[in-house]
Amino acid sequence: MSLSILEGASIKKGSLIFLKMKRPLRQQKNRRPWSFEANSPRAIESFEASKEEEKYDYVISKDLRLAEEIPPLSVYIGSGFAAEIKSFHVVLLAEVFENFRTLSMDYFELDPVHFYTTPSLTWSAGIKKTNVTLELLTDINMYLMLESGIRGGMCLVSKRYSKANNKYLDNFDEMSPSKFIISLDVNNLYGTAMAFYNLPESEFRFLNQKEIDKFDLMSVSSDSNVGYILEVDLFYPPELHSKHNSFPMAPQHESIMFFSARVSKLYMFTLYYDILKPVYQENVNLLYTDTDSLSLEIWTEDVYDDLANKFENLVDFSNYNASHRYYSKKYQSLLGYLKDETKGIPITEFCALRPKMYSYIFGKENKKTAKELRKLLCKIFYTMICI
């Protein structure tokens, strides 16, 4: 059902505006139905209390604020409207899902209704399209070894605060060194890891002692058709501790991870130590990293010139403004390419308190991330103040 059909339905003009909004009706967390009369003071008080700081957030659209007919808040507590709007949502969802089913059947010949989740559908589509037969592990020791190597992405704060100083900022101090802060994101990091390297699929076995004694890890190429999973005692040379201080390769005493997660981390280490470090030497520091992104402070005359000239085959400029001198769709969304998260707008200040909790200012915007903090509280109370 399209919005044009909605407009033809028997619904008031003001209510239709709410139907077109992303979240027109909020429910209490416990999802209990409203038990009060719609127009009673107690109902209004209960509704506003449940929304806490979001008391007036239901009027969030400019068009809505300017509309001649805006239903009073009490309307959205009444069970009649709640039932009506939910019925519209169900019809819209059904329409979207049926379209999704059609696309899936056309492209993969798989029906989404036979899968519990999108990841399970994606997995089946991948197996079907690649014609790969995955071997079922029956050795409990193999299974436990693989399971023990499962890891998530790497997230750490290397430096809590940094302030930029460059020609693109209003408060540029020409007497101080030019410094940029930039946050780079890798296009589809896990997809890159799986696309650039062969993945294990079958013929799993443990090497015997004779094979282990003759095994030479350095003789195995990264694109070999036969791969190895190693359980090792790792020695990290002391002379590398200081050099790798901001982005350590083995930060914890635990088993080394493998497959996509391991290769993804290797890719990020390669970007930082083999590509960025040789160019900038000591003039680049890692501020923050989270799986597929690097937030850096770089002492250079113009970091955008550097990205375009020194790393021209590594950076995707497709998200820059079309008027930007380096805007290009040449590498748009290509696997493994770096993308500037602020779209060419210089970052003024950066502050990270801990993993998953950081903020930076660029242009007139203040990006704020706090994983365990409610979005609204983050928006209202979590503010970065320029020093």
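The values are calculated or read from the model by the stated rules, or taken from the named source; none is laboratory data. What you see is a predicted model, and the numbers here were worked out from it, not measured in a lab. Glycine gets a Cβ as well: all are built from the backbone with ideal geometry, and neighbour counts include every protein chain shown.
Considering the stretch 273-318 alone, what residues qualify as being basic (K, R), closer than 27 Å to S359 by Cβ and part of a loop (DSSP other than H, G, I, E, B)?
From the stretch 273-318, those basic (K, R) are 277, 310; that's our starting set.
Still in the list and also closer than 27 Å to S359 by Cβ: 277.
None - no residue of the stretch 273-318 is basic (K, R), closer than 27 Å to S359 by Cβ and part of a loop (DSSP other than H, G, I, E, B), so the list stays empty.
Mind telling me which of the residues T122, T130 ends up being polar (S, T, N, Q) and over 27 Å from F206 (Cα atoms)?
T122
Residue check, W299 against (1) at pLDDT below 95; (2) in contact with a helix residue (DSSP H, G or I) (Cβ under 6 Å, 6 or more places away or on another chain); (3) not β-branched (V, I, T), all met but one. Which one?
(1)
Counting just the residues of the stretch 134-173 that are among the acidic types (D, E) and closer than 25 Å to S295 by Cβ, which one comes out modelled with the highest pLDDT?
Step one: filter the stretch 134-173 for residues among the acidic types (D, E), giving 135, 139, 147, 170, 173.
Subsequent filtering for residues that are closer than 25 Å to S295 by Cβ retains 170, 173.
On the way: D170: 92, D173: 95.
Only one residue tops the list, namely D173.
Looking for whichever is farther than 30 Å from A250 by Cα and under 26 Å from the mean Cα position of the chain (by Cα) here; the options are Y168, Y116, Y161. Which one fits?
Y116
Quick check, is F100 within 26 Å of the chain's Cα centre (by Cα) and either modelled with pLDDT of 90 or more or more than 30 Å from L199 (Cβ to Cβ) (or both)?
The answer is yes for F100.
Taking Y326 as meeting all but one of (1) modelled with pLDDT of 95 or more; (2) within 13 Å of S295 (Cβ to Cβ); (3) surrounded by fewer than 19 Cβ atoms within 10 Å (Cβ to Cβ), write down the number of the exception.
The number of the failed condition is (2).
Output the residues belonging to the stretch 199-218 that are aliphatic (A, V, I, L, M) and in contact with a Ser or Thr (Cβ under 9 Å, 6 or more places away or on another chain).
Just the residues of the stretch 199-218 that are aliphatic (A, V, I, L, M), to begin with: 199, 207, 212, 217-218.
Once the filter is applied, which keeps residues that are aliphatic (A, V, I, L, M) and in contact with a Ser or Thr (Cβ under 9 Å, 6 or more places away or on another chain), the stretch 199-218 yields only L199.
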